[in-house]
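Down below is the structure, laid out as structure tokens.
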Amino acid sequence: MEVGLVALLRTAWIAATLPLLIASLPFSWLNPVHKTVLAFAKRGKTMSSSRRFTVPQKFFCHFYVLAVVWTTLLLVTTWMYAYKIVPMYVDPFLYPTFASRFTGGSHIISWRKSPSVPMGYRYSVWRSVFLLLLMEVQVVKRLIETIYVFKYSSTARMHIFGYLTGLFFYTAAPLSLCCNNFLEVYNFSVNGVAEFIVKGKKNAMQDLDFDSLEFISSFLKLGWLQWIGAALFFWGWIHQRRCHEILGSLREHSEQNVYVIPHGDWFKIVSSPHYLAEIVIYAGLVVASGGADLTIWLLFGFVVSNLVFAAAETHRWYLQKFKSYPRNRRAIIPFLY
Ligand SMILES: NC(=O)c1ccc[n+]([C@@H]2O[C@H](COP(=O)([O-])OP(=O)(O)OC[C@H]3O[C@@H](n4cnc5c(N)ncnc54)[C@H](OP(=O)(O)O)[C@@H]3O)[C@@H](O)[C@H]2O)c1
């Protein structure tokens, strides 16, 4: 199941990225592909007046409701699994075998802290928890922003295909961060629920020997790549928050459907700094993952190609709309593109 899930996710990311890459190639004979992909990808200010097969752009908040619920579920179950089954602090006096948990031969507590569980496996599970925690921080922020910061105009729409792509993205992205341990976490959760039903709430709670310090301090045993990745993630996260505040403030003193030139923060150098910041955020996740997971690289490849494509269109729109648009601004990559 796990290998199947990983293969499915990788195939999905490649299938979603390829049309964007092909449509971005600078060959005139690819114009029909470019136009088709653009028709599906356009939203908000870059979308034409046609409302066929579109939904309001404020439906973006559906993505983040889904993302928060799904990421929280994955985070809580993976974190519980990591804490109870493969903690970073091992007890040298307990020696039951790692395999016994798969054969169902012993109770959870009996193989908890077993030193026979390979350290590499423990790291990989705790890394997944770490990545899901970062993802949670991002999707909660985005949910708050779509509700309280952005002032979507009543005319802004997105193609229904773009809407479905967004729902796919926020299902597949958190899953990609923990797909290597998904089967174990799934079995652990199903067993936990079954145990809870059979034993009843009171007895099941008695089995929980919960050490909150250990629950959190296991992260301190992760490697330096995780912390560099987290620093990169928060660098992008902070700038995206600032750029979204700037975008949200543009309509405080003007009409709801009016577009103006944004200024400040990374808007000084690029037209879509919030997209650039999103790329930095996902680059942080790649680094924090250790950089050796192909599924996470493919997820990153989709994010980059999707946002570079959208940013190129946004930049063209700004240049056409405003004669006084700052000429030194690039589309998304400072000083280059
Ligand atoms: N991970 C991914 O693959 C992915 C994909 C898509 C988006 N995202 C993220 O989601 C966030 C939002 O993306 P988006 O495409 O919805 O951004 P957007 O099109 O720039 O719109 C964001 C909000 O700002 C308003 N706005 C934009 N430019 C404006 C201007 N010049 N004047 C006045 N208001 C302006 C929009 O108004 P209207 O309501 O009138 O449009 C909308 O309310 C971004 O940070 C992006 O990185 C991520």
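Being of a type outside the set (A, V, I, L, M, F, W, C) and within 10 Å of the ligand (Cβ to nearest atom) is the filter here; which residues of the range 276-295 pass it?
Of all residues in the range 276-295, those of a type outside the set (A, V, I, L, M, F, W, C) come to 278, 282, 284, 289-291, 293, 295.
Correct list: Glu278, Tyr282.
Examine the range 296-314 for a residue that is charged (D, E, K, R) and within 13 Å of the ligand (Cβ to nearest atom), and state whether such a residue exists. Walk me through it before giving the result.
Going residue by residue through the range 296-314, those that are charged (D, E, K, R) are 313.
Cutting the leftovers down to within 13 Å of the ligand (Cβ to nearest atom) gives us 313.
Looking through the range 296-314, at least one residue is charged (D, E, K, R) and within 13 Å of the ligand (Cβ to nearest atom).
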Taking the range 212-251 on its own, how many of its residues are in a helix (DSSP H, G or I), away from the ligand (no atom under 11 Å from the Cβ) and not hydroxyl-bearing (Ser, Thr, Tyr)?
21
Scanning the range 121-167 residue by residue, the ones that are over 25 Å from Val286 (Cβ atoms), crowded, with 17+ Cβ neighbours inside 10 Å and without any contact (Cβ under 8 Å) to a residue 60 or more places away in the chain total 0
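Being buried (at least 21 other Cβ atoms within 10 Å of the Cβ), of a type in the set (A, V, I, L, M) and over 15 Å from the mean Cα position of the chain (by Cα) narrows it down to one residue among Ala331, Ala292; which is it?
Numbers: Ala292 fails: buried (at least 21 other Cβ atoms within 10 Å of the Cβ).
Being buried (at least 21 other Cβ atoms within 10 Å of the Cβ), of a type in the set (A, V, I, L, M) and over 15 Å from the mean Cα position of the chain (by Cα) holds for just one of Ala331, Ala292, which is Ala331.
A short reminder: the numbers here are calculations on the coordinates, not readings from a lab. These figures come from a predicted structure and were not determined experimentally. Glycine also receives a Cβ, built like all others from the backbone with ideal geometry; neighbour counts cover every protein chain displayed.
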